Amino acid sequence: MNMTAQLLAQIIERAKRKGLKQKDLAERAGLSAETLSRAKKSGDMHASSLEKLAAIVGLKLCLSPDEPILDKISSGSLFK
């Protein structure tokens, strides 16, 4: 699963937990339900659309350094 597909899956899971159907999520972002469905299947979507979808469910897209030490700090496993 590529990064876009992973992000989209996280956004959709968060929407489900908030009681939002995918159709409603798409519409709130100004997308059609078909567009969201196609993005799920292809694993491809514009970053701007992902950003809109994420904001609706209380998430934001961001980049972080790809450094193993930061991953350990973030996960709380630095000293384990």
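The values are calculated or read from the model by the stated rules, or taken from the named source; none is laboratory data. The structure presented is a predicted model; accordingly, all values stated were derived computationally and were not measured. For neighbour counting, all protein chains shown are included, and Cβ atoms are generated from backbone atoms with ideal geometry for every residue, glycine included.
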Segment 1-35: number of residues that are among the β-branched types (Val, Ile, Thr) and surrounded by fewer than 16 Cβ atoms within 10 Å (Cβ to Cβ) | 1
The one condition in (1) in contact (Cβ under 8 Å) with a residue 12 or more places away in the chain; (2) surrounded by 13 or more Cβ atoms within 10 Å (Cβ to Cβ) that Gly58 fails to fulfil | (2)
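Condition test on Lys52, is it modelled with pLDDT of 95 or more and within 13 Å of the chain's Cα centre (by Cα)?
yes
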Filter segment 38-74 for residues that are on the phi > 0 side of the Ramachandran plot and out of contact with any Ser or Thr (no Cβ under 9 Å at 6 or more places or on another chain) and give the result.
-> Gly58
